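J.: Below is one structure. I have some questions about it.
Bear in mind that the values in this text are calculations on the coordinates, not laboratory data. These figures come from a predicted structure and were not determined experimentally. All Cβ positions, even for glycine, are placed from backbone atoms using ideal geometry, and neighbour counts span all protein chains on display.
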């Protein structure tokens, strides 16, 4: 499923980005198919052994795929047994873009991950992305789920910094 800036753009407002963030599930044997799908010399894909090593991590498995001619990059995050990834994968949304079916992370997931990125790196870009999602896609957001996820992850302080965010207190919906 697509997440990160591309999902924030899809749910919110346009901005520049030079990569796409993906969360995927890789089962045994899938790594070879992935390497085959992005062949050299057009793409850089890590060696099969590296992808397999990342696949076996319970959490935080990650690698990149890079298109050589354009330098565009896909940051690939492996779902593993991370409960937030699992929650999002069950609720991902299928959209049609230029005739192709694309799976997007639910907006609640995108918002929570953006809050975590803000907490970890303090870039206001994440807060602006969230504000855009709230303005453009308010009708898609399940406030009770978002409030629960924010509380579970201790992100209330960072939620209050989002421009135009609804008031929020523990135990109440967003």
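J.: Pulled fully out, how much extra length does the chain show between residue 116 and residue 160, if you take 0.36 nm times their separation in residues and subtract their Cα-Cα distance?
T.: Numbers: separation 44, 0.36 × 44 = 15.84 nm, distance 1.32 nm.
So the chain would gain 14.5 nm between residue 116 and residue 160.
J.: In a Gaussian network model over the chain where Cα atoms closer than 10 Å are linked, find which of 22, 115, 84 has the largest mean-square fluctuation.
T.: 84
J.: So if each residue of separation counts as 0.36 nm, and I subtract the Cα-Cα distance between residue 137 and residue 43, what length gain in nm does that give?
T.: Working: separation 94, 0.36 × 94 = 33.84 nm, distance 3.41 nm.
Going from the current span to full extension adds 30.4 nm.
J.: While we're looking at this one, here's another question. Determine, for 21, 100, the number of other Cβ atoms within 10 Å of each Cβ, and report the residues in order from fewest to most.
T.: Working: 21 21, 100 7.
Starting with the residue having the fewest Cβ neighbours, the order is 100, 21.
J.: In the Gaussian network model of the chain, springs joining C-alpha atoms below 10 Å, which of 132, 86, 99 carries the largest mean-square fluctuation?
T.: Per the Cα network of the chain with a 10 Å cutoff, 99 tops the list.
J.: Express the relative contact order of the chain as a whole percentage, based on alpha carbon pairs under 8 Å and six or more residues apart in sequence.
T.: Values: 268 pairs, mean separation 39.2, N = 174.
For the chain, the relative contact order is 23 percent.
J.: Which of 128, 55, 15 ends up with the largest GNM mean-square fluctuation for the chain, with Cα atoms connected below 10 Å?
T.: For the chain, modelled as a Gaussian network with Cα springs under 10 Å, the answer is 15.
J.: Of 137, 98, how do they rank once you tally other Cβ atoms within 10 Å and put the fewest first? Let's see the in-between values first.
T.: On the way: 137 16, 98 5.
Starting with the residue having the fewest Cβ neighbours, the order is 98, 137.
J.: How do 2, 110, 35, 97 line up, fewest other C-beta atoms within 10 Å first?
T.: Numbers: 2 22, 110 28, 35 17, 97 10.
Least crowded to most crowded, the residues run 97, 35, 2, 110.
J.: Can you tell me the equivalent ellipsoid semi-axes for the chain? Use √(5λ) from the Cα gyration tensor, largest first, whole Å. Mind dumping the intermediate values first?
T.: Working: eigenvalues 178, 63, 42 Å².
Each semi-axis is √(5λ); the values are 30, 18, 14 Å.
J.: Okay, next question. Rg to Rh for segment 93-146: what is it, with Cα atoms only and Rh by Kirkwood?
T.: Values: Rg = 12.5 Å, Rh = 12.1 Å.
We get a ratio of 1.03 for segment 93-146.
J.: To the nearest 500 deg cm²/dmol, what mean residue ellipticity at 222 nm is calculated for the chain from DSSP H runs of n ≥ 4 alone, each contributing -39,500 (n - 2.57), summed and divided by the residues?
T.: Details: 8 runs with 76 residues, N = 174.
So the helix-based figure for the chain works out to -12500 deg cm²/dmol.
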